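Here the structure is laid out as structure tokens; the discussion comes afterwards.
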Amino acid sequence: MKNLLLFVLTLMIFNISFGQRNESTLLKDYDFYIEKNIEMGKWSTKYYLSNGLISVQENYWKNELRSRTEFEYDRFGNVEREINTYDINEGNTNDISNLKLEYNDSLLISQKFNFGITEKYSDFNELGKPQKITRIDSSKFTLLPYKELMEYDKNGNIIKTTEFSRYENLDGKTINETATTYYKYNDQNNVIEIHREYQPRQEFPIPITGGPFLYEYEYFRYKYNKNGLWTKKYKIVNGIEYLVAKREFN
């Protein structure tokens, strides 16, 4: 499960470069920033930075450190190694996860994790963004979705994803699911609208273990600092607006 968590962390950081504008240029003048996830209670994350890239991630519950992970990058700015140096249940650790990255010139075409998961990237557009991701899972985990198609705007932001999944329901019947998500952005390339569609159709909101409910339509607005980085993020659902995250930069 720990390796699966590392995979999720990597995927989150890795997908930033595929989708929303990578903030590394704006972050180069900062040593770290703290993001408070108000929507999920007392959780916060401290991100240490090196030349605008996340070098260390610390997760806190209230003021208690729960985990710490270091990231190492290759010359193209992609994560090639993760080192989990602290876990609240084990104390100081040295759990290393190496990623095998395969390139075609400067284009990343494959990423293999050392616990049985491989992602293959193909159908690159003129911006060098992959429009297709295929996931192969030989581990004991069930990794969903197994295929993902993406469309981008002229700035390289993802404007549409179509995810294909296959799983068994409680009756043991195999379900083939297609989840389509549409995104809209503001002038700062931050998401201001999300629209979700599922086939077979699902009832909203959809509960997510360890995360907020997913709604059919979600809207967002932001407050920014003088350097163009958002410091407060608001979500609007069913006409009700609430603060979901805050960021402090140093």
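Computed from the coordinates by the stated procedures, all read-outs in this text should not be read as laboratory data. Everything quoted here is computed from the prediction, not taken from an experiment. Cβ: placed from backbone, ideal geometry, glycine included. Neighbour counts: every protein chain shown.
Taking the Cα centre as origin and putting +1 on Lys and Arg beta-carbons and -1 on Asp and Glu beta-carbons, what dipole magnitude results for the chain, to the nearest 20 debye?
Values: 34 positive and 36 negative charges, 88 e Å.
Dipole size: approximately 420 debye.
Would you mind pulling out the separation of the Cα centroids of the range 37-87 and the range 143-183, in Å?
27 Å
For the charge dipole of the chain, defined by +1 on Lys and Arg C-beta atoms and -1 on Asp and Glu C-beta atoms about the Cα centroid, which residue among THR134, TYR103, ALA245 has the Cα displaced farthest towards the positive pole?
ALA245
Assuming 0.692 mPa s and 37 °C, estimate D for the range 37-118 with Stokes-Einstein, Rh taken as the Kirkwood radius over Cα pairs, in µm²/s.
Calculated translational D: 229 µm²/s.
Taking square-rooted eigenvalues a ≥ b ≥ c of the alpha carbon gyration tensor, is the chain rounded, prolate or oblate, where a/c under 1.5 means rounded and, failing that, a/b exceeding b/c means prolate?
Details: a/c = 1.21, a/b = 1.06, b/c = 1.14.
Judged from the Cα gyration tensor, the chain comes out rounded (a/c under 1.5).
Please compute the Cα-Cα pair-distance distribution of the range 168-250 with 10 Å bins starting at 0, giving whole percents from short to long.
Binned Cα distances yield the sequence 14, 39, 28, 14, 5, 0.
If you keep only loop residues by DSSP, which trypsin sites (Lys or Arg not before Pro) in the range 91-188 have at most 13 other Cβ atoms within 10 Å of their Cβ? Show your work: numbers first, answer last.
Working: sites: LYS100, LYS112, LYS120, LYS132, ARG135, LYS140, LYS147, LYS154, LYS160, ARG166, LYS173, LYS184; in loops: LYS140, LYS154, LYS173.
Sparse-neighbourhood loop trypsin sites (Lys or Arg not before Pro): LYS140, LYS154, LYS173.
Using DSSP to call loops (not H, G, I, E or B), can you name the trypsin sites (Lys or Arg not before Pro) in the range 49-94 whose Cβ has at most 16 other Cβ atoms within 10 angstrom? Intermediate values should be presented prior to the final figure.
Details: sites: LYS62, ARG66, ARG68, ARG75, ARG81; in loops: LYS62, ARG75.
Those that pass, being in a loop and sparsely packed, are LYS62, ARG75.
Are there GluC sites (Glu not before Pro) in the range 56-149 that DSSP puts in a loop and that have at most 16 other Cβ atoms within 10 Å, and which ones?
On the way: sites: GLU58, GLU64, GLU70, GLU72, GLU80, GLU82, GLU90, GLU102, GLU119, GLU126, GLU148; in loops: GLU90, GLU126.
Sparse-neighbourhood loop GluC sites (Glu not before Pro): GLU90, GLU126.
What residue among PHE220, TYR198, ALA179 has its Cα farthest toward the positive end of the dipole of the range 86-244, where the charges are +1 on Lys, Arg and -1 on Asp, Glu, each on the Cβ?
Among PHE220, TYR198, ALA179, the one farthest towards the positive end of the dipole of the range 86-244 is PHE220.
May I ask you to list the lysines whose Cα is less than 27 Å away from that of LYS147, ignoring any residue fewer than eight positions away on the same chain?
LYS2, LYS100, LYS112, LYS120, LYS129, LYS132, LYS160, LYS173, LYS184
Once the dipole of the chain is set up with Lys and Arg at +1 and Asp and Glu at -1 on Cβ about the Cα centre, which of GLY116, SER44, ILE158 lies farthest towards its positive end?
SER44
Tell me, Kirkwood radius of the range 131-211 from alpha-carbon pair distances, in Å? Walk me through the numbers on the way to the answer.
Details: mean 1/r = 0.0687 Å⁻¹.
After inverting the pairwise mean of 1/r, the radius is 14.6 Å.
What nm distance separates the two modelled labels at LEU170 and ASP31, each placed 7 Å from Cα along Cα→Cβ?
Placing both labels 7 Å beyond Cα along the Cβ direction yields 5.3 nm.
Work out, step by step, the length gained on full extension between ASN94 and TYR217: first 0.36 nm times the residue separation, then minus their alpha carbon distance; give nm to one decimal.
Details: separation 123, 0.36 × 123 = 44.28 nm, distance 4.16 nm.
Taking 0.36 nm per residue and subtracting the Cα distance, the gain is 40.1 nm.
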